[in-house]
Every structure is written in structure tokens, then in C-alpha cells.
1. Under a plain spin-label model, where a point goes 7 Å from the Cα along Cα-to-Cβ, how far apart in nm are Tyr29 and Ser118?
2. Mind putting together the pair-distance distribution for segment 46-92? All Cα pairs, 10 Å bins, whole percent per bin, short to long.
3. Taking θ = phi - 60°, what integer Hz values does the Karplus form 6.51 cos²θ - 1.76 cosθ + 1.60 yield along segment 108-117, in sequence order, with x for Gly and Pro?
4. For segment 49-124, just the Cα atoms, rotate onto the principal axes and tell me the three extents in Å, largest first.
Amino acid sequence: MKKTALLAVGFLMLSGQAAVAGTKTLVEYGTVQESHIISSSQGSRPLRTLAAGAVGGAIGHQFGSGNGNTAMTIAGAAAGAGISHNRQSKQQSAQTVDLLIKTNGGQLIEVTQPYNGSLIFNKGDKVRILTSGSDTSVDKNV
């Protein structure tokens with residue numbers, strides 16, 4: 001009887017699904033050897049700026065009469081072109097930080113991650129390296 005109960009419990013344990021707790025994150029620590037901020041610049045798009053200026057001018061032309069109409073057309077064109085130019089400038093100024101780190105285990109690794117200006121890495125900084133799957137990020141929470 002005891003053998004049968006033991007076999008039944010063993011069979012149930014083997015046939016059950018394994019519990020999944022979530023993803024695993026590898027945590028390492030190291031020291032920054034080099035840090036470089038890289039700006040990625042895309043080519044400007046003058047046709048987009050001209051088109052936005054034309055749309056702004058068309059909208060501005062709907063207001064005023066006589067000299068006021070001309071002034072509103074010019075103001076609309078300038079506003080459209082200015083907004084387009086500023087938006088393109090912000091899109092072009094995407095930056096990344098390239099870090100060369102010597103881990104406490106003696107490995108030399110390179111990590112490239114988005115740079116937002118709030119977290120600055122200098123040579124000699126102690127850092128934490130978080131790797132989950134194929135994603136790696138570095139912070140100073142040591």
C-alpha cells in the first residue's frame with residue numbers, strides 16, 4: 001500500500017508543469033575604463049521644412065485683409081518652418097553612451113546604451129551591469 005501511494009505521488013510530481021517565476025537578470029559589478037557620448041546625426045530634410053512653411057503660410061493667409069493678410073501669411077509660413085526645423089533638430093540629436101567596463105571578475109566588456117544627460121559616467125566610476133536576455137544596461141547603483 002505504501003509503495004503504491006509513493007509511486008502515485010512520484011508520478012504526479014513528474015507529470016506536473018514546472019513553475020515559471022519570470023525572467024532572470026544577471027547582476028555584475030565593475031569599473032568604468034572609458035566613456036564616450038556618441039551623437040547620431042541624420043541628414044536634415046529641407047523639403048519637410050519648406051512644406052511645413054507652405055502649410056503655415058496657407059493657414060495664415062486665411063486671416064486678415066490687405067497688409068494684415070500678407071503679414072499673417074508671412075507669420076504662418078515662418079511659424080510652420082520654425083516648428084518643423086526645431087522638431088527635426090530634436091530628432092537628430094539622439095545620443096548614446098559607449099562604456100568600456102572592467103568587471104570585478106576581470107572581463108573587459110563594452111556596453112552601448114541611450115544617453116539622457118542625467119547619468120554621467122567617468123573613468124573610475126563603480127557601476128552595476130544588469131543583463132536580462134540580450135539586453136544589458138549600466139547604472140551607478142552600487
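Laboratory data are not the source of any read-out in this text; all were calculated from the coordinates shown. Just so you know, these numbers come straight off a predicted model, no measurement behind them. Neighbour counts run over all protein chains shown; Cβ positions are idealised from the backbone, glycine included.
1. That separation, rounded to one decimal, is 2.5 nm.
2. Result, from short to long distances: 35, 43, 18, 4 percent.
3. Residue by residue, segment 108-117 yields 9, 10, 10, 10, 10, 9, x, 10, 10, x Hz.
4. If we take the Cα atoms of segment 49-124, the spans are 76, 19, 12 Å.
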